[in-house]
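Following: one structure in structure tokens, then a few remarks.
The values are calculated or read from the model by the stated rules, or taken from the named source; none is laboratory data. These numbers were taken from a predicted model, which means no experiment stands behind them. Note that each Cβ is placed from the backbone with ideal geometry, even for glycine, and that neighbours are counted across all protein chains shown.
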Amino acid sequence: MDESAQADHVTTVVADRAPSSRVGRSKVQSWLVTLIAERAGLAARAIDLRRSLTSYGLGSREAVEITVELEKRARMSALSHLGL
């Protein structure tokens, strides 16, 4: 799987694993753009999810870190929707 396909896969996996359906795909994509931009030192508007992570200077380590952070954010969002 190429890295642009990996970014889409990460978005789908995190959205599917979110404990609440309220954490939708568009929210996950927004978080993904923010996380990639932060790690690459770029503005969010410069991020295109169709491009590979390597094109932003990111590797497999950053991909794992981004996945973990997305899962944390999804979990926190779901809990806040539940009032916890």
Could you tell me whether V28 is in a helix (DSSP H, G or I), closer than 11 Å to A74 by Cβ and at pLDDT below 80?
-> no
Looking at D8, is it farther than 16 Å from T67 by Cβ, modelled with pLDDT under 85 and either surrounded by 18 or more Cβ atoms within 10 Å (Cβ to Cβ) or not small (G, A, S) (or both)?
-> no
Got a number for residues in region 47-56 being free of Cβ contacts under 8 Å to residues at least 24 places away in the same chain and in a loop (DSSP other than H, G, I, E, B)?
-> 2
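The rows are residues; the columns are (1) in a helix (DSSP H, G or I); (2) without any contact (Cβ under 8 Å) to a residue 40 or more places away in the chain; (3) within 10 Å of the chain's Cα centre (by Cα).
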residue: V33; (1), (2), (3): yes, yes, yes
residue: I36; (1), (2), (3): yes, yes, yes
residue: R39; (1), (2), (3): yes, yes, no
residue: L42; (1), (2), (3): no, yes, no
residue: R45; (1), (2), (3): yes, yes, no
residue: L58; (1), (2), (3): no, yes, no
residue: R61; (1), (2), (3): yes, yes, no
residue: R75; (1), (2), (3): yes, no, no
Which one of these does D16 not meet: (1) in contact with a Lys or Arg (Cβ under 9 Å, 6 or more places away or on another chain); (2) modelled with pLDDT under 85; (3) loosely packed, with under 13 Cβ neighbours inside 10 Å?
-> (1)
Filtered residues of region 53-76 (kept if among the basic types (K, R), exposed (fewer than 13 other Cβ atoms within 10 Å of the Cβ) and closer than 21 Å to R25 by Cβ) = K72
